[in-house]
1. Taking a ≥ b ≥ c as the square roots of the Cα gyration tensor eigenvalues, with a/c under 1.5 meaning rounded and otherwise prolate when a/b beats b/c, else oblate, which class fits region 47-116?
2. In the full protein assembly as shown, how much of residue 121 is accessible to a 1.4 Å probe, in Å² to the nearest 10?
3. With a 1.4 Å probe and all protein chains left in place, how much of the accessible area of region 145-196 comes from carbon and sulfur atoms, in whole percent?
4. DSSP loop (so not H, G, I, E, B), at most 14 other Cβ within 10 Å: list which trypsin sites (Lys or Arg not before Pro) in region 99-179 pass both filters.
5. Let me make sure I get this right: for region 96-142, a, b and c are the square roots of the gyration tensor eigenvalues over alpha carbons, sorted descending. Under 1.5 in a/c it's rounded, otherwise prolate if a/b > b/c, else oblate. Which is it?
6. Taking the Cα centre of region 123-227 as the origin and placing charges on Cβ (Lys, Arg +1; Asp, Glu -1), which of 156, 197, 141 is farthest toward the positive end of the dipole?
7. Of the cross-linked pairs 72/119; 112/145; 145/198; 119/194, which ones have a Cα-Cα span greater than 31 Å in the structure shown?
8. GluC sites (Glu not before Pro), restricted to region 148-233: which are DSSP loop and have at most 15 other Cβ atoms within 10 Å?
Amino acid sequence: FSFHPDNNLTPGACTKPQQFQSKRANIAPLDLYSWRIKEQVSAVSIQFINNKGNMAQALWDEAASLISVTEKHPFLTAMVNGTLPIENFQYYVIQDALYLKDFGSCLNLLSKNNGVESKDSERLKTFSRGATEVEMALHGGFFDKWGIDATNAEAMPNTVLYTSYMIRIVATKCHAEGLAVLLPCFWVYMHVGKCMLKLREDLGDSVKRPPAYDAWIDMYAGDEFERDVKDYI
């Protein structure tokens, strides 16, 4: 599913049907709930057919409006043009390091699901190590340069909302849903990394930014990360 801000459907939350305000006077609350779910399923199904059975691409296309907004997120554009305060980036990196631990654990859990072929299991374990070792090495390098000890850092509410939902899906739903819930982290990071790289190239030497911002862009816009993302898809 693609959860849009205006559709009142929030991942990980169970919203009672009567909470919806019907825009169609003749639709009862429960019927409206069912209608909106069907609308989401139908949209993805149409995209699935249009993409000749590529479910990942169908989901991506259905989320196109959200992805477009993400490409222009002020945090990301400020990283590229050098105007993002370093304190904001440090806060993000600490929270992202906490997120990556849970993300890596989820990948490892998926590798142990019943019925998963050995080659797929090993690949998921490799992805898990990539999150907990390679990406964390980037973060650890930042911490060393900044003189920050994030050992006792606590996850903030938005981080917990995301990771708790992700963990719940991986732990309680089918293998395919577990794969799908982790896909945005791979795909969106690669996509915005490419967008940021393009903006950086367009700006050229006209702006200066902290080296950490360039290192982040280089990792997620890099060929190695792209290979991993395409492999996961």
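The values are calculated or read from the model by the stated rules, or taken from the named source; none is laboratory data. Bear in mind that the values here come from a model prediction, so they are computed numbers and not experimental data. Backbone-built Cβ (ideal geometry, glycine too); neighbour counts: all protein chains shown. Heads up: the accessible areas ignore ligands, DNA and RNA and are worked out on the full protein's heavy atoms, side chains in. Shrake-Rupley method; radii C 1.70, N 1.55, O 1.52, S 1.80 Å.
1. Details: a/c = 5.01, a/b = 1.29, b/c = 3.88.
Verdict is oblate for region 47-116.
2. For residue 121, the solvent-accessible surface is approximately 10 Å².
3. Carbon-and-sulfur percentage of accessible area, whole number: 61.
4. Values: sites: 101, 112, 119, 123, 125, 129, 145, 168, 173; in loops: 112, 173.
Here the sparse-neighbourhood loop sites are 112, 173.
5. On the way: a/c = 5.86, a/b = 2.28, b/c = 2.56.
Oblate shape, in that a/c is at least 1.5 and b/c is the bigger or equal ratio.
6. 156
7. On the way: 72/119 37 Å; 112/145 37 Å; 145/198 27 Å; 119/194 29 Å.
The answer is 72/119; 112/145.
8. On the way: sites: 154, 177, 201, 224, 226; in loops: 154.
Filter output for region 148-233: 154.
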